[in-house]
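*Asks:* Once you've had a glance at the structure underneath, I'll fire off some questions.
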Amino acid sequence: MKSRFRIAPSLLSADFARLGDEVRDVVAAGADLVHFDVMDNHYVPNLTVGPLVCEAIRPHAGVPIDVHLMVEPVDRIVPDFAKAGATYVSFHPEASAHVDRTIALIRDCGCRPGLVLNPATPLAVLDWTLDKLDLVLLMSVNPGFGGQAFIPHTLDKLRLVRRMIDGAQARHGREILLEVDGGVKVDNIAQIAAAGADTFVAGSAIFGTRDYAATIARMRAELARVRPGAEPGG
Ligand code: DX5
Ligand code: ZN
């Protein structure tokens, strides 16, 4: 049976000089998605990669590419990522003047839209958007850098969003992923899953180790202990 949990290694911590190999290796090691962080040195204080690099890694991926846009404005660049082979395209509502329009644009381009909530972003932004989304991404660090520590209040937020997503899925039957990004490690992934996440971005925790397959296997072993709706040990 396919696991209900998905692991999305973040390329931010990969060796950019050998990016194609890194993508192939991490997919062979069991990645379900490839998480692709796009930073513009404007919305966030760091600068990474764009559609050209997404297109270049696409043939090496073989799994969906999960594009996380940390750019402002958002709309101009969305069709470029669709052409570059993105499957999911998610964005920060603070970076778009018209959130509903951006969601529709991502869908019209043939991609699956996601909204990203920063640690201090209230859940109200989901009130009139959730039914149109395929992904909600909760940031468990402030966006911009890999290797930061998981912010614990994300667990409470996850529990609340889990309930909202379960309600939305009951209404329309479409799957909405609940993804967490920042500070996810082998030793906290079970707790994060128990709070309601089903999709886990991990950059330094995977690319900072020598054996990606062993690290992903350890994450899956932790996840296997989690029963739906149960906190670990409960
Ligand atoms: C941060 C990025 C993350 C980052 C996570 O703004 O969105 O995807 O790569 O890195 P780790 O897993 O090292 O916290
Ligand atoms: Zn990210």
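The values are calculated or read from the model by the stated rules, or taken from the named source; none is laboratory data. This one's a predicted model, so the numbers in the text were calculated from it and none came from an experiment. FYI the Cβ positions are ideal-geometry reconstructions off the backbone, even for glycines, and counts take in every protein chain you see.
*Asks:* Among the residues of segment 155-190, what is the count of those that are buried (at least 22 other Cβ atoms within 10 Å of the Cβ) and touching a Ser or Thr at 6+ places or on another chain (Cβ under 8 Å)?
*Replies:* Residues in segment 155-190 being buried (at least 22 other Cβ atoms within 10 Å of the Cβ) and touching a Ser or Thr at 6+ places or on another chain (Cβ under 8 Å): 6 in total.
*Asks:* Filter segment 60-75 down to the residues that are under 26 Å from Gly30 (Cβ atoms), away from ligand 1 (no atom under 12 Å from the Cβ) and either of a type in the set (A, V, I, L, M, F, W, C) or touching a Lys or Arg at 6+ places or on another chain (Cβ under 7 Å) (or both) and list them by number.
*Replies:* Once the filter is applied, which keeps residues that are under 26 Å from Gly30 (Cβ atoms), away from ligand 1 (no atom under 12 Å from the Cβ) and either of a type in the set (A, V, I, L, M, F, W, C) or touching a Lys or Arg at 6+ places or on another chain (Cβ under 7 Å) (or both), segment 60-75 yields His60, Ala61, Val63, Ile65.
*Asks:* Only one of Thr121, Thr129 is within 16 Å of ligand 2 (Cβ to nearest atom), surrounded by fewer than 19 Cβ atoms within 10 Å (Cβ to Cβ), more than 29 Å from Asp25 (Cβ to Cβ) and of a type outside the set (Phe, Trp, Tyr). Can you tell me which? Give the steps one after another, and end with the answer.
*Replies:* Details: Thr129 fails: within 16 Å of ligand 2 (Cβ to nearest atom).
Just one listed residue meets the conditions, Thr121.
Conditions (1) free of Cβ contacts under 8 Å to residues at least 40 places away in the same chain; (2) within 14 Å of ligand 2 (Cβ to nearest atom); (3) out of contact with any strand residue (DSSP E or B) (no Cβ under 8 Å at 6 or more places or on another chain), marked per residue:
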residue: Phe145; (1), (2), (3): no, yes, yes
residue: Gln148; (1), (2), (3): yes, yes, yes
residue: Pro152; (1), (2), (3): yes, no, yes
residue: Leu155; (1), (2), (3): no, no, yes
residue: Arg163; (1), (2), (3): yes, no, yes
residue: Ala170; (1), (2), (3): yes, no, yes
residue: Arg174; (1), (2), (3): no, no, yes
residue: Gly182; (1), (2), (3): no, yes, no
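*Asks:* Taking Gly233 as meeting all but one of (1) modelled with pLDDT of 95 or more; (2) surrounded by fewer than 17 Cβ atoms within 10 Å (Cβ to Cβ), write down the number of the exception.
*Replies:* Unmet condition: (1).
*Asks:* Those residues that are in contact with a Lys or Arg (Cβ under 8 Å, 6 or more places away or on another chain) and over 22 Å from Ser96 (Cβ atoms), I need them from segment 33-59; list them, please. So that I can check it myself, show each step before the final result.
*Replies:* Going through segment 33-59, the residues in contact with a Lys or Arg (Cβ under 8 Å, 6 or more places away or on another chain) turn out to be 33, 51, 55.
Of everything in segment 33-59, those that are in contact with a Lys or Arg (Cβ under 8 Å, 6 or more places away or on another chain) and over 22 Å from Ser96 (Cβ atoms) turn out to be Leu33, Glu55.
*Asks:* While we're looking at this one, here's another question. For segment 112-141, enumerate the residues that are under 20 Å from His35 (Cβ atoms) and in contact (Cβ under 8 Å) with a residue 40 or more places away in the chain. Before the answer, list the steps.
*Replies:* Pass one, segment 112-141, residues under 20 Å from His35 (Cβ atoms): 112-119, 121, 133-141.
Across segment 112-141, the qualifying residues are Gly114, Val116, Leu117, Leu133, Asp134, Leu135, Val136, Leu137, Leu138, Met139, Ser140, Val141.
*Asks:* Could you list, ordered by first residue, the pairs with Cβ atoms under 6 Å in which the first is in segment 67-90 and without any contact (Cβ under 8 Å) to a residue 60 or more places away in the chain and the second is among the acidic types (Asp, Glu) and more than 15 Å from ligand 2 (Cβ to nearest atom), at least 6 apart or interchain?
*Replies:* Cβ pairs passing all conditions: Ala84/Glu55.
*Asks:* Scan segment 102-112 and give yes if some residue there is buried (at least 17 other Cβ atoms within 10 Å of the Cβ), farther than 16 Å from Ala202 by Cβ and within 16 Å of ligand 1 (Cβ to nearest atom), otherwise no. So that I can check it myself, show each step before the final result.
*Replies:* In the first step, residues of segment 102-112 are kept if they are buried (at least 17 other Cβ atoms within 10 Å of the Cβ); the result is 102-103, 105-106, 111-112.
With the extra rule that they be farther than 16 Å from Ala202 by Cβ, the set shrinks to 102-103, 105-106, 111-112.
When the remaining residues are screened for being within 16 Å of ligand 1 (Cβ to nearest atom), the result is none.
No - not one qualifying residue is present in segment 102-112.
*Asks:* Let me confirm something: among Ala193, Ala205, which residue is touching a helix residue (DSSP H, G or I) at 6+ places or on another chain (Cβ under 8 Å), surrounded by 19 or more Cβ atoms within 10 Å (Cβ to Cβ), without any contact (Cβ under 8 Å) to a residue 24 or more places away in the chain and not in a loop (DSSP other than H, G, I, E, B)?
*Replies:* Numbers: Ala193 fails: without any contact (Cβ under 8 Å) to a residue 24 or more places away in the chain.
Exactly one residue qualifies, and that residue is Ala205.
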